[in-house]
Structures are given as structure tokens and as C-alpha cells.
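Below is one structure; the comments refer to it alone.
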Amino acid sequence: MNTHFDAIIIGAGAAGLTAGIYLSRAKVNTLILNEGAVGGQMVLTHEIANYPGVQNISGYELARTMKLQAQNFGCTIRSNIKITSLELDGKIKKVTVNNKDEFTANAVIISTGGKSRMVGAEREEKFKGKGISYCATCDGDFFQDKEIIVVGGGNSALEEAVSLTKYASKVTIVHQFDHFQALEHYVDEAKNNKKINFIMESKLIEFIGDEKLESVKIQNQSTGNITEMKIDGVFIFIGYVPNTESLLNVVELNKWNEIIVNKDMKINIDGVFAAGDSIQKRYRQVTTAVADGTIAALSASEYLNNLKKEIQEEELVQ
Ligand SMILES: Cc1cc2nc3c(=O)[nH]c(=O)nc-3n(C[C@H](O)[C@H](O)[C@H](O)COP(=O)(O)OP(=O)(O)OC[C@H]3O[C@@H](n4cnc5c(N)ncnc54)[C@H](O)[C@@H]3O)c2cc1C
């Protein structure tokens, strides 16, 4: 396998695959390296109903189509690998995979995505996308006239609980403390909403159901009492973790460990760009990841063209 590429993309979610489509179509020799299965968070999504131009599609199918599109333009994809070393300074960037295979490139796009923080209750993994959601914008609509729980006590939890009352017939906010961490106006808005109830000082400890979520067990933190509650869905808003642990001393991150980018998706190192859920931003959707991936690819393409010209001029002088 060729080991030098014009561009290497790290992460094959919506952002990375989009960057792969744009770069390969522009005849930029591109390699995508991905930890785990191709598609990222899209493959965890049972149904995507807000991707423009597509009425309804499973996340798996959307990811599969994006992957094929990138490959058809000539993009090389290696998945289920582990990046063990990353050298981004200088004109040639070096990425080592599985402690042995070395790949080089003139430009790198980082699109490692992220994950919502989980509550850590029993069978949470099993019911992800089958009753448990981490995104009101994505899934709120599936809970029309249903009863749901919102977990969390910060701004996002209270803001999203209010927005979910557009769909749900009843929203119960479950929070581990006896007070909220959210701004006062979010708390007031939630308290004044007749569809919203509160269970304070309590944690979800178990999700129950056959194929779909049917009920949850809730434990009161001061008494230890456990109750079971029938429920159609649970939305969890207790924070977000970008997949940037391996980049800690390599690229500039903000205090939430999100990658700092400028409007062209460029980071603090020449020839390195970032896109998608791992960058600092407020809204995390397939559409926003796709947009970031497009911008990062176009910026990387321009960088590579300028680099080529620079090298040609240097050769003329010699
Ligand atoms: C359950 C669920 C439902 C959702 N529903 C919707 C919806 O209906 N509509 C919508 O618009 N959005 C939805 N979203 C959000 C949307 O899926 C994401 O915002 C979007 O897919 C993010 O894409 P990304 O490419 O930035 O990151 P990711 O999808 O997270 O992809 C990142 C990729 O990088 C890989 N990676 C991570 N670290 C490394 C590393 N060190 N080296 C190599 N590879 C690495 C990961 O394995 C992954 O494949 C949902 C999210 C979830 C979890």
C-alpha cells in the first residue's frame, strides 16, 4: 500500500467522510484512518429524519452511502485501526498506526467526533436509539404525545426539556441534586411549564424493556428508595465529551477539550484542519458535521495548491 498521501483524514464520521468526498473528487490523494467502524455516531442512529433531501434514512445507510461515495472518487479508507503516534509539525505530517504502519501527508484533517456523556445505568448501551436519546433536535419528533424523562440539571437539560414539551404529553426532569445548575430563567421557564414535573435528588439506575425501552428504575439519593416508572423515552443531557484525549498535547484545545479552529477550520498548526463534533461549537448535527467537513476539505485543498506552487517556485530558483 502507498504510504504517502496528499491528505490524511483522521476519523470517518459524517465530517471525515464528507472531507474525503470533496478531496478525492478534487483529485487530492486522500487516506481516511478510522478507529472503529466507519460512520461514527451516524451508525448509532436508528432513523435520521432531518438530513435535507432525504425523507427518512437509517444512520447506517447514510454512513454506508457516504463511504461508497468517497471510495468511488478514489479515497482510501482504513478502519478499525489505532493511531499510536501523530507528528503534525513541519510540511510532512506523520501518522503511525497500530505501532507499526507509518503514513505521511502534506495536510491533515482531524474529525474524531465525540460522544454524549452517559448516565451509567444498567442497559443504557442496549437502549441507545431505542428509547434513549441524547439529542432533542434529532429525536424529539418521535415522541409526539408520549411520556418522557429528561436527565440533567444544567442549561441544556432545562432548555431541551421545555423544547420537548412541543411533542411530549408529559416531561419529567430527573436530577441528581436538590437544586439546578442552570441559569435562573431556564429554571423558571421549566417550572412554569404545566407539562413538566420534577424528581430531584435522584438517579436513573436501570433501563428496562424487551426490544424498546418500557420503564426505568430511579433511586432517591438521600433515602436509597428505588421506584420503577413506565416511560416511552429518556433524553440525557449531562454533558458532551469530544474524542480528543489523544490530541491533548498535540493540538490547541479549549477548556472543554474541543479543538480550536478558525472560520476556515484551520487549527494552530500549518496544514492541519479540524471538522465536526470534535471542534468548539454549539450545535452538533450531521448537517453541521457535513458543513465543517466541506469547509475543512476546501481549505486543505487550497493549502495543498499553495504548497505545490511554493515547491515549484523553489525548484525554479535552484
Ligand atoms: C444516538 C444519536 C442520534 C443522533 N441523531 C441525529 C439525527 O437524527 N440527526 C442529526 O443531524 N444528528 C444526529 N446525531 C448527531 C450526529 O450523529 C453527529 O453530530 C455527527 O454524526 C457527528 O459527526 P462527526 O463526523 O463529527 O463525528 P463522529 O460521528 O463522532 O465520527 C468520528 C469518527 O472518528 C473516529 N475516531 C475517534 N477518535 C479517533 C482517533 N483517535 N483516531 C481515528 N479515528 C477516531 C470515531 O470512531 C468515529 O468513527 C445523533 C447522535 C447520536 C449519538
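Scanning segment 52-61 for residues that are surrounded by fewer than 18 Cβ atoms within 10 Å (Cβ to Cβ) and either touching a helix residue (DSSP H, G or I) at 6+ places or on another chain (Cβ under 7 Å) or assigned to a loop (DSSP other than H, G, I, E, B) (or both) returns 52, 53, 54, 55, 56, 58, 60.
Scanning segment 33-50 for residues that are under 15 Å from the mean Cα position of the chain (by Cα), assigned to a loop (DSSP other than H, G, I, E, B) and more than 6 Å from the ligand (Cβ to nearest atom) yields 37, 38, 39. Flag set for residue 17, criterion: within 13 Å of the ligand (Cβ to nearest atom), under 13 Å from residue 297 (Cβ atoms) and either of a type in the set (Phe, Trp, Tyr) or at pLDDT 95 or above (or both). Note on segment 62-94: residues that are exposed (fewer than 15 other Cβ atoms within 10 Å of the Cβ) and either outside any loop (DSSP other than H, G, I, E, B) or more than 11 Å from the ligand (Cβ to nearest atom) (or both) total 11. The listed residues are 226, 109, 199, and the only one of them that is at pLDDT 95 or above and crowded, with 20+ Cβ neighbours inside 10 Å turns out to be 109. With respect to (1) farther than 30 Å from residue 304 by Cβ; (2) surrounded by fewer than 20 Cβ atoms within 10 Å (Cβ to Cβ); (3) within 15 Å of the ligand (Cβ to nearest atom), the lone exception for residue 151 is condition (2).
Residues in segment 1-27 that are surrounded by fewer than 24 Cβ atoms within 10 Å (Cβ to Cβ), in a loop (DSSP other than H, G, I, E, B) and not polar (S, T, N, Q): 3 in all. Restricting attention to segment 277-284, does a residue exist that is out of contact with any helix residue (DSSP H, G or I) (no Cβ under 8 Å at 6 or more places or on another chain), among the acidic types (Asp, Glu) and not in a loop (DSSP other than H, G, I, E, B)? No - not one qualifying residue is present in segment 277-284. For segment 240-260, check the following and say yes or no: at least one residue is under 13 Å from the mean Cα position of the chain (by Cα), away from the ligand (no atom under 11 Å from the Cβ) and more than 27 Å from residue 95 (Cα to Cα). No, there is no match, as no residue in segment 240-260 is under 13 Å from the mean Cα position of the chain (by Cα), away from the ligand (no atom under 11 Å from the Cβ) and more than 27 Å from residue 95 (Cα to Cα). If you check 277, 264, 270 for being more than 13 Å from the ligand (Cβ to nearest atom) and in contact with a strand residue (DSSP E or B) (Cβ under 8 Å, 6 or more places away or on another chain), only one passes: 264. Identify, please: which residue in segment 292-317 is under 15 Å from residue 21 (Cβ atoms) and touching a residue at least 60 places away in the same chain (Cβ under 8 Å) and is, among those, farthest from the ligand (Cβ to nearest atom)? Filtering segment 292-317 for residues that are under 15 Å from residue 21 (Cβ atoms) and touching a residue at least 60 places away in the same chain (Cβ under 8 Å), the one farthest from the ligand (Cβ to nearest atom) comes out as 301.
Might you check whether a residue that is more than 8 Å from the ligand (Cβ to nearest atom), surrounded by fewer than 17 Cβ atoms within 10 Å (Cβ to Cβ) and among the hydroxyl-bearing types (Ser, Thr, Tyr) occurs anywhere in segment 119-139? There is no residue in segment 119-139 that is more than 8 Å from the ligand (Cβ to nearest atom), surrounded by fewer than 17 Cβ atoms within 10 Å (Cβ to Cβ) and among the hydroxyl-bearing types (Ser, Thr, Tyr). Taking the criterion of being modelled with pLDDT of 95 or more and of a type in the set (Ser, Thr, Tyr), the residues of segment 242-286 that qualify are 244, 278.
The values are calculated or read from the model by the stated rules, or taken from the named source; none is laboratory data. Every value quoted in this text rests on a predicted model; they were computed, and no experiment measured them. No Cβ is skipped: glycine too gets one built from the backbone with ideal geometry, and neighbour counts run over all protein chains shown.
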